[in-house]
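Each remark here refers to the structure printed beneath this line.
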Amino acid sequence: MYNELYELWKKEKENENAIQRLPKNFYAKIAAYIKKTMEENRMLDKKTTKAKLLDLEFKNVKIMAGELFEIRYRKLWETALARETIARDALTEEEEKLYGKVLPLAEAYHAFSKDILRGHLSAIEKDAKQTMMVLRFVQEIPALVGSDLKTYGPFAPEDIAALPPENARILIKQGVAVKVDTN
């Protein structure tokens, strides 16, 4: 795993603009490798050569993995802000999910800047007024579409979720959820 990480780290650093392809299970492999190395290191006598080498390897892995994450994060963010596309097969499963959250934020930023340049602040004012209500569910309910057109749920008893106020009030009135005081 060490050699694979080194090669991927080196390739990502060398190509400053495009995100490089990672195996889909890369982060799971790195996490398992780090965990195994930590456990192995704990069991060794710290004075042995093997322990010192393993400690050095562990430090290098943390540095390379950390830099790889930072580089990829920067590339994902810059690509989203530039409204360019990323080859989805270059992303891991985790990165695809994160990119799905970054993209709407980048779009909102573009809309915000466009509105500002037109002399309006309406997009942000509307979003600021839209606060979510935190609920604790007391019975099972299927998934629902919120007033913001996002899907929420399904929910089991004792689940906690934040929903648009319009939907939250209805669920509270129906007795399927109770408001959680967040103060």
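Bear in mind these aren't lab numbers, they're just calculated from the coordinates by the rules spelled out. Just so it is clear, the model here is predicted, and its values are computed rather than measured. Every residue, glycine as well, gets a Cβ built from its backbone with ideal geometry; the counts of neighbours run over all protein chains shown.
Stretching the chain fully between Ala31 and Gln139 yields a gain of 35.2 nm (0.36 nm per residue, less the alpha carbon separation). Put simply, when 133-141, 41-49 are sorted by average Cβ atoms within 10 angstrom per residue, most first, you get 133-141, 41-49.
Per residue, the convex hull spanned by the alpha carbons of region 1-82 comes to 84 Å³. Can you give the translational diffusion coefficient of the chain in µm²/s, computed by Stokes-Einstein from the Kirkwood radius over Cα pairs at 25 °C and 0.890 mPa s? In µm²/s, the coefficient is 119.
Here the spin labels are modelled as points 7 Å beyond Cα on the Cα-Cβ line, and at Ala51 and Arg83 they lie 5.9 nm apart.
At a Förster distance of 25 Å, what's the computed FRET efficiency of Met1 paired with Arg74, Cβ-Cβ distance as r, to 0.05?
Values: r = 24 Å, r/R0 = 0.95.
Rounded to the nearest 0.05, the efficiency is 0.55.
Between Met38, Met132, Met64, where does the largest GNM mean-square fluctuation fall for the chain, given springs only between Cα atoms within less than 10 Å? Of the options given, Met132 has the highest mean-square fluctuation.
In the neighborhood of Thr49, defined by Cβ-to-Cβ distances under 13 Å, what is the net charge if each Lys or Arg adds +1 and each Asp or Glu adds -1? Taking every other residue near Thr49 into account, the sum is +1. A Förster distance of 45 Å, applied to the separation of the beta-carbon atoms of Met132 and Met43, puts the FRET efficiency at 0.45.
Helix-only estimate, please: 222 nm mean residue ellipticity of the chain, summing -39500 (n - 2.57) across DSSP H runs of length 4 or more and dividing by its residues, to the nearest 500. If you can, show how the numbers build up before the last one.
Details: 6 runs with 107 residues, N = 183.
Computed ellipticity for the chain at 222 nm equals -20000 deg cm²/dmol.
With contacts taken as Cα pairs under 8 Å and at least 6 residues apart, the chain reaches a relative contact order of 17 percent.
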